[in-house]
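The values are calculated or read from the model by the stated rules, or taken from the named source; none is laboratory data. What you see is a predicted model; the values in this text were computed from it and never measured. Cβ sites come from the backbone with ideal geometry, for glycine too, and all protein chains shown count toward neighbours.
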Amino acid sequence: MSIPSPRWRRRLLITLLAVPLYTACSATWLKTSGQVQSADWRTASREPAGLAPDPATTSEAIVQVYAARAVRWRGYFGVHTWIATKAEAAAHYTVHEVNGHRLRRNGTALVTSQRAPDGYWYGNRPTLLAELRGPEAADAIVRIEAAVADYPWPDTYRVWPGPNSNTFTAHVLRAAPALRTDLPPTAIGKDYLGFAPVARLPSGTGAQLSLLGVAGVAAGLEEGLEVNLLGLTFGIDPKDLAIKLPLIGRLGPDGD
């Protein structure tokens, strides 16, 4: 067996030092910027953030896609995503999401409820990723409901590399490309495709190649160019002049 050269040993040492340093700096930034809350999840806020129109005064159909930092330590690494819909003249929203805790309790991770569509995710403020209104939204709702019913992994949940809440959202969005949603690079699990190595991107504007969500590449008009390594996303988005990084997310004019 050949012995690595001093140059390669230095590169390996730099890499081993850079990873924990980047992680520590990212976690500190997320904490100080208020993106990740440390409150007890049992008492953390689930109040509406004021991002969803009031059904009492908004008759038109609405579809919204949200992301918020995950609960506890997971929030430093990734987000939880969900989809909210309101049919025309409906008195309430319907929220579709996947929750690992519900799997142990109910035998399925798939949850459809009437909770606040823009509610804080256990203390973490949501970000509105995409929205449709009117006839386009009404058409998308039909597609979304069919995709929810067709989700292939309701009885399986894995934080990494998937399937999880972000796998579910990506699956549903592929059926509703009018939303043109670019899921955050911190949506770990969005690239999990099961044993199917190729799929359309959630935005509907490109395609991706993925090996069980552990490694892959993606290219699209909305997503730009992404590389997935061990479930972590690195990428560039020329359309929005942004770069995509693990833990931190998007850096650019429209970054989270």
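Quick notes on this structure:
- Odd one out for H171 among (1) within 28 Å of A196 (Cβ to Cβ); (2) in contact (Cβ under 8 Å) with a residue 60 or more places away in the chain: (2)
- Of the set (1) modelled with pLDDT of 80 or more; (2) under 20 Å from V159 (Cα atoms); (3) hydroxyl-bearing (S, T, Y), all apply to S45 but (2).
- The C-beta contact set for the range 236-249 (first residue more than 23 Å from Y76 (Cβ to Cβ) and of a type outside the set (A, V, I, L, M), second residue surrounded by fewer than 18 Cβ atoms within 10 Å (Cβ to Cβ) and at pLDDT 95 or above, distance under 9 angstrom, 6+ apart or interchain) comprises P238/L225; K239/L221.
- Pairs linking a residue in the range 18-32 that is within 13 Å of G249 (Cα to Cα) and among the aliphatic types (A, V, I, L, M) to a residue that is part of a helix (DSSP H, G or I) and at pLDDT 75 or above, with Cβ atoms under 7 Å and 6 or more positions apart or on different chains, are A27/Y76; L30/Y76.
- Subset of the range 107-147 that is more than 15 Å from R69 (Cα to Cα) and of a type in the set (S, T, N, Q) - its residue that is surrounded by the most Cβ atoms within 10 Å (Cβ to Cβ): T108
- Search result, residues across the range 225-241 that are over 10 Å from D191 (Cα atoms) and either acidic (D, E) or crowded, with 21+ Cβ neighbours inside 10 Å (or both): E226, D237, D240
- Applying the criterion of being within 21 Å of L211 (Cβ to Cβ) and of a type in the set (A, V, I, L, M) to the residues of the range 148-172, the residue that is surrounded by the most Cβ atoms within 10 Å (Cβ to Cβ) is A170.
- Unmet requirement for L212, which otherwise passes all of (1) without any contact (Cβ under 8 Å) to a residue 40 or more places away in the chain; (2) surrounded by fewer than 19 Cβ atoms within 10 Å (Cβ to Cβ); (3) not hydroxyl-bearing (S, T, Y): (1)
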